Amino acid sequence: IMDLEDGVALNRKAEARETIATALSDLNFERSERLVRINPIGSGLQRDDLEAVLPYQPDGIVIPKVERADQVQWVSKQITDEHTRLLVLIESARAIINLREIAAADPRIDALIFGSEDFASDIGATRTREGQEISYARNAVVIHAAAFGLQPIDTLVTDFNDEARLIEDCRLGVQLGFVGKLAIHPKQVNVIQAAYTPSDAEIDRARKLIEAHDRHQAGGSGAFAIDGQMIDMPIVRAAEQVLAKARAAGKIS
């Protein structure tokens, strides 16, 4: 995600727009999506941001600090390329309250991203390693993304030297239902990708479950047992999701 927002000083915004426009025009990003995070709607900077980058057809625009559906809709109306998608950052109490309307705001939306640091600041919470103070909001993002067919992207770990915490947080994110996670430093990328990509053992088990399910269905059976566990449709659907993630990661065809 190429940044025009918090990572750029106010007196360097114009220079950052030029740099990103050049990158979009000249660089080969290979498999990586070309995303740009603009400044918040209402900042007075968002229109110039979009005018600078949209001519180069980025794959997506990341909209920060979204609190209302109309903010998403305004950005969508500025885009003419049908392939440019939207990723929405959920970072405040008001955003959590309005999640239903935000998630349904526009068909361009692909993902809801949880921004824990801004959220904690907004509600006056103290950030802890355990993260109890953000658990409600974190779960709400996953639930609303699932309800509207969107990808839930988890919050970042700010200490990029604490790999143990990153691994722990990735495991929790996977358990909660997130499909990816923000990175704040390149050294975090491999850890995150490993955590969110199904292992060979998980892929083999998913295939085994689906094959057994198909056999039992053909024989007229619904639920069945395998390895001492009762298997029914929710477990089969979870196995199908494992294989879908593996295909998206390029591990299987």
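The values are calculated or read from the model by the stated rules, or taken from the named source; none is laboratory data. Keep in mind it's a predicted model, so treat the numbers as computed, not measured. Positions of Cβ are generated from backbone atoms using ideal geometry, with glycine treated the same way; all protein chains shown enter the neighbour counts. To get the accessible areas, we keep the full protein, side chains included, count just its heavy atoms, and leave off ligands, DNA and RNA. Shrake-Rupley method; radii C 1.70, N 1.55, O 1.52, S 1.80 Å.
May I ask you to give the percent of accessible area on the chain that is carbon plus sulfur, with a probe radius of 1.4 Å?
Ligands and nucleic acids excluded, carbon and sulfur give 49 percent.
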- Query: Can you give the accessible area per residue of region 76-127, in Å², using a 1.4 Å probe?
  - Reply: 48 Å²
- Go through region 1-86 and name the trypsin sites (Lys or Arg not before Pro) that are in a DSSP coil and have 13 or fewer other Cβ atoms within 10 Å of their Cβ. R31
- Enumerate by residue number the GluC sites (Glu not before Pro) in region 82-181 meeting two conditions: DSSP loop (anything except H, G, I, E, B), and at most 16 other Cβ atoms within 10 Å of the site's Cβ. E82, E130
- Message: Among A212, I90, G250, which residue has its Cα furthest toward the positive end of the charge dipole of the chain, with +1 on Lys/Arg Cβ and -1 on Asp/Glu Cβ?
- Response: A212
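Go through L156, L10 and list them by solvent-accessible area, largest first, probe radius 1.4 Å. The partial results should precede the final answer.
Working: L156 35, L10 145 Å².
From most exposed to least exposed: L10, L156.
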- Assigning unit charges at the beta carbon (Lys, Arg +1; Asp, Glu -1) and nothing else, what dipole magnitude in debye, to the nearest 20, does the chain show about its Cα centre? 420 debye
- Task: Could you tell me the distance between the Cα centroids of region 101-132 and region 1-80, to the nearest Å?
- Result: 19 Å
- Which residue, chosen from P58, L150, F224, occupies the Cα position most advanced towards the positive end of the dipole of the chain, where the dipole is computed from +1 (Lys, Arg) and -1 (Asp, Glu) charges on Cβ about the Cα centre? F224
- Query: So what is the calculated 222 nm ellipticity per residue for the chain, using -39500 (n - 2.57) for each DSSP H run with n of 4 or more, over all residues, to the nearest 500 deg cm²/dmol?
  - Reply: -14500 deg cm²/dmol
- Task: Please figure out what share of the DSSP beta bridges in the chain is antiparallel and state it in percent, rounded to the nearest 5.
- Result: 15 percent
- Task: For the chain, build the charge dipole from Cβ charges (+1 Lys, Arg; -1 Asp, Glu) around the Cα centre, then report which of L4, P198, N139 sits farthest towards its positive end.
- Result: P198
- Would you mind calculating the relative contact order of region 172-253 from Cα pairs under 8 angstrom and at least 6 residues apart, reporting the percent as a whole number? 28 percent
- Task: Loop only per DSSP, at most 16 neighbouring Cβ atoms within 10 Å: give me the trypsin sites (Lys or Arg not before Pro) in region 196-253, ordered by residue number.
- Result: K251
- Query: Magnitude of the Cβ-charge dipole of region 107-181, K/R +1 and D/E -1, about the Cα centre, nearest 20 debye?
  - Reply: 260 debye
